1. Rounded if a/c is under 1.5, else prolate if a/b beats b/c, else oblate: with a ≥ b ≥ c from the C-alpha gyration tensor eigenvalues square-rooted, which is the stretch 67-131?
2. Set the bar at 28 Å for Cα to Cα. Now go through K35/K65; K2/K35; K65/K123 and name every pair that lies beyond it.
3. Stretched out fully, how many nm does the piece from D47 to S98 gain, at 0.36 nm a residue minus the Cα gap?
4. Subtracting the Cα-Cα distance from 0.36 nm times the residue separation, let me have the gained length for K2 to K123 in nm, one decimal.
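Each value in this text was obtained by applying a stated rule to the coordinates, not by laboratory testing. None of these values were measured; they are calculated from a predicted model.
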Amino acid sequence: MKKTIFAVLAGAAIVLTGCVKTVSDTHTFASTWGKDTISGRYNRTVDQVYRASVAVVQANGVLTKEYIPHDNTNSVRQLEAKVNQRNVWIRVEAVDASTTQVDVQARGTWGGTDINLVHELEKEIALQLAR
């Protein structure tokens, strides 16, 4: 009986966990489902918003990867980082000639969401652009 209960609980744990798509078009482990991304739009160029994003990440954590996806033009840039022991993904994309959108996403090592960190980073990017 105990083995059956344990097997059911283990199976439920496996089914409830899974993968989520990140803003950088990759997948990562997820143990909780919930909002983990915040977007912001600014009347700045892609380069300005990207430089502000890099500065914010370097001030708060470690930049691990930055790249331009091959399936897009130079109007999209992405970076990955570690901030407060969380995995952070940032995507900077041109909406039109004068507007740029930044998407910030964060997940912990066990796949949990951290919306407070995401909100803080997105707000710091906006403040960096205001300087």
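1. Values: a/c = 2.61, a/b = 1.41, b/c = 1.86.
Taking the square roots of the gyration eigenvalues as a ≥ b ≥ c, the stretch 67-131 is oblate.
2. Working: K35/K65 23 Å; K2/K35 36 Å; K65/K123 21 Å.
Listed pairs above 28 Å: K2/K35.
3. Details: separation 51, 0.36 × 51 = 18.36 nm, distance 1.16 nm.
Gain on stretching D47 to S98: 17.2 nm.
4. On the way: separation 121, 0.36 × 121 = 43.56 nm, distance 4.97 nm.
Length difference between fully extended and current span is 38.6 nm.
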